[in-house]
Each structure stands twice: as structure tokens, then as C-alpha cells.
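Reading through the C-alpha cells given below for one structure.
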Amino acid sequence: MRRCWLVFLLLCCPLLAWAEPPLRVMASVKPLQLLLAEVGGEAVDAELLQSARLSPHDFQLRSSDMARLSDVDMIIWFGPVLEHYLSKPLRRFDNAVALYPQLQPGAVDPHLWLDVDEVCAIARRLARLLSDRLPSRGAYFHANAARFMSALRHYDSRLAGQLTPLQSRRYLFLHDGFSRFEQRYQLSGGAVVMADDDRLPGARHLVGLREQLQRGEFDCVFREPQYPASTLQALTRGVEVAVIELDAMGVNSDKADGFMGLYRQLGEAFASCSQLR
């Protein structure tokens, strides 16, 4: 009887090791949570710190947020270049990892997830970080990252062809956060309502944009769900121009669809502007 129990335990040990509970990882913003979902799969519980309906520039930590941060295995954030509000609070957590402690020299746009090359680098980094925390699933994490990068590169190549007509078009952003995406696809027609996230646009700037809209100089206007609609409504009132939602923070993206769902949504929004007229 004792031998039977020993055989049973030996057979079950690999299964017990495989049934480790998922890592609880807190991502600072929704795009990073979606990337975690791509790479971590079923082995990671990718939690979200900040609502995607808020701009990272405006978010303030609450005591309940600090409690949530204390209750996870790892914290992942882009770094002080984007989530500057986390710089001081995260000093007390030795399991917090800033993917970009400092922005690369010469770079000014912190929206790193809008650059395909950066996204692939982040996916590889996440696979290594997760493997260090859960070595038994290391091959799984790296395989997920490889599959994701292949799918993203394939879509990126297809999207480049779809956006070629947009290279000669003019369009209006609410805030200056898409330069990496524009550079990727050789776009240069974007004007912005708010060049600085911390300051409202001046009256002269708004009047100039309104006059351009009335003259039909913009093929479309992109709205973002993180910002109030009042400014765009005032600019476009009485003007016939297409208004297209551009959701860079992933408000309407499902975790089950991963980052690819977010990036496809962005690509489709830009492509819809290129198809106008």
C-alpha cells in the first residue's frame, strides 16, 4: 500500500508544480496591462492600477491604490517620463519595475506603446521579468512573446500600406501624443489642440484651428475618450468634418483581446480618416 502511495505522489508532483497560482502583476496603465495579458497569458493575473478613462498626466494615487500595490507579486510601469505620479510612491516597493527609468536621448514622446519596435522590446522584457518570477513557465512566456511579436509585425506591415493615402492628408488631434505612431507610418499631417497636457490651449490658437476647420483644411478630427468633449464640440460646431474616436489608452479594449486589439483599433481609426473624400 505504501508503494502505491509513493507512485501516486510521484505521478502527481509534476501536475502540482504545473498548477502554481498565477502571478499577480499590477500594470500602471491599460496599454501595459494589455501587453502583460499577451505575454503572461493564463499564468499571470494582469491587474490595472489606473482607469483608462483618465489621462496618466492627471491621475492621483489614493490610499486604496497603495493597498492594492502592496498586495501583488510585481508592479510594472513605464517610468517617470509618463507616470511621474508614481516616482515617489513606488520607492517603497522593491518589486516595482520601471521599464524606462529614463527616456532615451532625443526622445520627447512618452507614449512608447505607439511605436512597434518599442512594443516588441517591451514584450521581450516582460517575458524575461515574468520568467524570473515564475521559472517553471519561462518557456510559455517567451513563446507567448514571440507569437505576439509575429502577429504585431504582420499587422504593422499591412497597416503601412493602408495608411499610405493618409500621408497627404491633414487631421487634428486633441493632444500631442501620437508622434511615434506618425513617424512609424511616415505621417506628418497632424495638428494638435493641446500641445501641452498641463495647459489649456490659448484663445488665439483655438481661433486659428476653427478657421482652418471652416476652410475645410482637415480631413478628420480625432477625439479621445480621456478628455472632455466640450473643446472639440466648440471647434467643430457648424462645421462639416468627420470626428473619429482614437482610443490610445484602451478604454474600449478588452483584456481578452490583448494589446493586438488596442493596436488594431488605432490602425482602423487612422485608416478610416485616410478613406475619406
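In region 105-113 there is at least one residue matching the filter, namely being outside any helix (DSSP H, G or I), under 18 Å from P31 (Cβ atoms) and without any contact (Cβ under 8 Å) to a residue 24 or more places away in the chain. Considering every residue within region 57-69, establish whether at least one is small (G, A, S) and in contact (Cβ under 8 Å) with a residue 24 or more places away in the chain. No. Somewhere in region 212-233, is a residue among the hydrophobic types (A, V, I, L, M, F, W, C), open to solvent by 30 Å² or more (accessible area, probe 1.4 Å) and outside any loop (DSSP other than H, G, I, E, B)? No, that holds for no residue.
When L209, L174 are screened for being of a type outside the set (K, R), at pLDDT below 90 and not in a loop (DSSP other than H, G, I, E, B), only L174 passes. Where residues in region 53-71 are under 14 Å from the mean Cα position of the chain (by Cα) and open to solvent by less than 10 Å² (accessible area, probe 1.4 Å), which of them is farthest from N252 (Cα to Cα)? That would be P56. Can you name every residue in region 137-158 that is more than 19 Å from the chain's Cα centre (by Cα) and farther than 18 Å from R125 by Cβ? Residues satisfying the conditions are S157, R158.
One line per residue, one yes/no per condition, for (1) out of contact with any His (no Cβ under 8 Å at 6 or more places or on another chain); (2) open to solvent by 50 Å² or more (accessible area, probe 1.4 Å):
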| site | (1), (2) |
| --- | --- |
| Y171 | yes, no |
| V193 | no, no |
| R204 | yes, yes |
| T236 | yes, no |
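Apart from one condition, L134 fits all of (1) open to solvent by less than 40 Å² (accessible area, probe 1.4 Å); (2) within 19 Å of D219 (Cβ to Cβ); the exception is (2). For region 238-245, does any single residue satisfy the condition of being in a strand (DSSP E or B) and over 30 Å from F78 (Cβ atoms)? So far as region 238-245 goes, yes, one or more of its residues are in a strand (DSSP E or B) and over 30 Å from F78 (Cβ atoms). Looking for something under 17 Å from E268 (Cα atoms) and of a type in the set (D, E, K, R) - is there at least one such residue anywhere in region 229-246? Looking through region 229-246, at least one residue is under 17 Å from E268 (Cα atoms) and of a type in the set (D, E, K, R).
The values are calculated or read from the model by the stated rules, or taken from the named source; none is laboratory data. Every value quoted in this text rests on a predicted model; they were computed, and no experiment measured them. Heads up, the Cβs are rebuilt from the backbone with ideal geometry, glycines too, and the neighbour counts pull from every protein chain shown. Note: accessible area is taken over every heavy atom of the protein model, side chains too, but ligands, DNA and RNA are not part of it. Shrake-Rupley method; radii C 1.70, N 1.55, O 1.52, S 1.80 Å.
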